[in-house]
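**Student:** My structure is below; once you've seen it, I'll send some questions.
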Amino acid sequence: MPNDYDYTEPKKLISAARLSSYKNSLGLEEDAQLLGAYSWNLTLVGAFYPLLQLIEVALRNTVNEAAKVSITTPVDKFWFEAIPFTQETNEQGDLCKPEQVKKFIQKFKNAKQSAKAALEEKGKDPNSVTLDQIISQTDFSTWEYILDKSFYNGSDNNYIWPSKLTRAFKKLPRTTQKNQAFHQRDALRRRIEEIRAFRNRISHNEPAWRVSDVTSPEEVISTLEEKLDNMIELLYWISPKFKKYVCDVVLESRV
């Protein structure tokens, strides 16, 4: 753009508050630089989105397939309505559902309602809803919650973890800690939590990097490279062959 370009209107409509995050983390002062960085972030986010979508799809499908063969269900229920979990004790000494289990149940309740509503909009019987239709309506966070320790019991194969850990994840994170499968499950959960938080961040039109964590352009690039590496590693844990496919269709190199 010409040097005398008037940035008043773009700055006003994007907002000074929004642009200040670019100023603080990248050390930029000039209007052209700030708006340039804002535009670069839009392009960056656009490159990350397809990769994030594939991670979410692969994750929910691999866990769903493992759960279907792991959990015994009554004829009138889906596996997520019969999944075993360990209760905890509240302050009054009563057994209750752990918070992550409550969230998991609510997420699937919402997904089932959404799937039924979609059928009704098409003039179809909502009671004919299928598992695949429900799974497609789940939030990313659902698959973080199912990796909570409440769904883990090493002495009961009716629990999804660890009995079906290697079925859902073809490669597992390395750990040197005792009770290896327990910590591998937790490493998966924490990685999913990290990627979900990143997805939520860029969905709200914020810089792809956390402003409080960086103080230079070099740190921005380093942070983003780490995010990308962690996404590709999660895909590898899910399936090395699927990770290869993602790289072959240049989603990684596009970022």
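The values are calculated or read from the model by the stated rules, or taken from the named source; none is laboratory data. It should be emphasised that the depicted structure is a prediction, and the values quoted were computed from it without experimental measurement. Reconstructed Cβ throughout: ideal geometry from the backbone, glycine too, with neighbour counts over all protein chains shown. Side chains are part of the model used for accessible areas, which takes the heavy atoms of the whole protein and leaves out ligands, DNA and RNA. Shrake-Rupley method; radii C 1.70, N 1.55, O 1.52, S 1.80 Å.
**Student:** Pop the C-beta distance of Asn205 and Thr89 into the FRET formula with R0 = 45 Å and round what comes out to the nearest 0.05.
**Tutor:** Numbers: r = 42 Å, r/R0 = 0.94.
FRET efficiency, Asn205 to Thr89: 0.60.
**Student:** Something else: Determine the calculated [θ] at 222 nm for the chain from helices alone, applying -39500 (n - 2.57) to every DSSP H run no shorter than 4 residues and normalising by the residue count; nearest 500 deg cm²/dmol.
**Tutor:** It lands at -19500 deg cm²/dmol.
**Student:** For Val129, Val250, what's the largest-to-smallest order of accessible area, 1.4 Å probe? Intermediate results must be reported in sequence, preceding the final value.
**Tutor:** Working: Val129 15, Val250 80 Å².
Largest accessible area first, the list is Val250, Val129.
**Student:** Now for a different question. Longest exposed-loop-site-free stretch of the chain, with chymotrypsin sites (Phe, Trp or Tyr not before Pro), DSSP loop and at most 15 other Cβ within 10 Å? Walk me through the intermediate numbers first.
**Tutor:** On the way: sites that count: Tyr5, Tyr7.
My reading of the result: 8-255 is the longest stretch.
**Student:** Something else now. List the GluC sites (Glu not before Pro) within region 84-163 that DSSP assigns to loop and that have no more than 11 neighbouring Cβ atoms inside 10 Å.
**Tutor:** Working: sites: Glu88, Glu91, Glu99, Glu120, Glu121, Glu144; in loops: Glu91.
Those satisfying the criteria are Glu91.
**Student:** Report relative contact order for the chain in percent, whole number only (criteria: Cα-Cα under 8 Å, sequence separation at least 6). Let's see the in-between values first.
**Tutor:** On the way: 262 pairs, mean separation 62.0, N = 255.
Relative contact order here is 24 percent.
**Student:** Can I ask one more? Relative contact order for region 97-168: what is it in percent, counting Cα pairs under 8 Å that are at least 6 residues apart?
**Tutor:** 32
**Student:** Given the Cα-Cα distance of Ile14 and Ala82 and 0.36 nm per residue of separation, how much length would full extension add, in nm?
**Tutor:** Here the answer is 19.7 nm.
**Student:** Candidates (i) 18.2; (ii) 19.2; (iii) 13.4; which is the computed mean projected area of the Cα convex hull in nm²?
**Tutor:** Among (i) 18.2; (ii) 19.2; (iii) 13.4, the one calculated here is (ii).
**Student:** Going down the list Lys103/Lys170; Lys97/Lys149; Lys68/Lys164; Lys102/Lys227, which pairs span over 18 Å between their C-alpha atoms?
**Tutor:** Lys103/Lys170; Lys102/Lys227
**Student:** If the cut-off is a Cα-Cα distance under 20 Å, which aspartates and glutamates reach Lys244, setting aside same-chain residues fewer than 8 apart in sequence?
**Tutor:** Glu56, Glu225, Glu226, Asp229, Glu233, Glu252
**Student:** Out of every Cα-Cα pair in region 89-188, what percent are more than 16 Å apart?
**Tutor:** Of all Cα-Cα distances in region 89-188, 66 percent exceed 16 Å.
**Student:** By how many degrees, between 0 and 90 and to the nearest 10, does the Cα long axis of helix 180-203 differ from the longest principal axis of the chain?
**Tutor:** With rounding to tens, the tilt is 40 degrees.
**Student:** Something else about it: Determine the order of Ser70, Ser136 by accessible area, beginning with the largest, at a probe radius of 1.4 Å.
**Tutor:** Highest to lowest solvent-accessible surface, that is Ser136, Ser70.
**Student:** Compute the length gained on full extension between Lys124 and Tyr245: take 0.36 nm times their separation in residues and subtract their Cα-Cα distance, giving the result in nm to one decimal.
**Tutor:** Separation in residues times 0.36 nm, less the Cα-Cα distance, equals 39.9 nm.
**Student:** Let me ask something else. Can you list the HN-Hα couplings for region 113-130, worked out from phi with the Karplus curve (6.51, -1.76, 1.60; θ = phi - 60°), rounded to whole Hz and with x for Gly and Pro?
**Tutor:** Once θ is set to phi - 60°, the couplings for region 113-130 become 5, 5, 5, 5, 4, 5, 5, 4, 4, 8, x, 9, 5, x, 6, 8, 4, 9 Hz.
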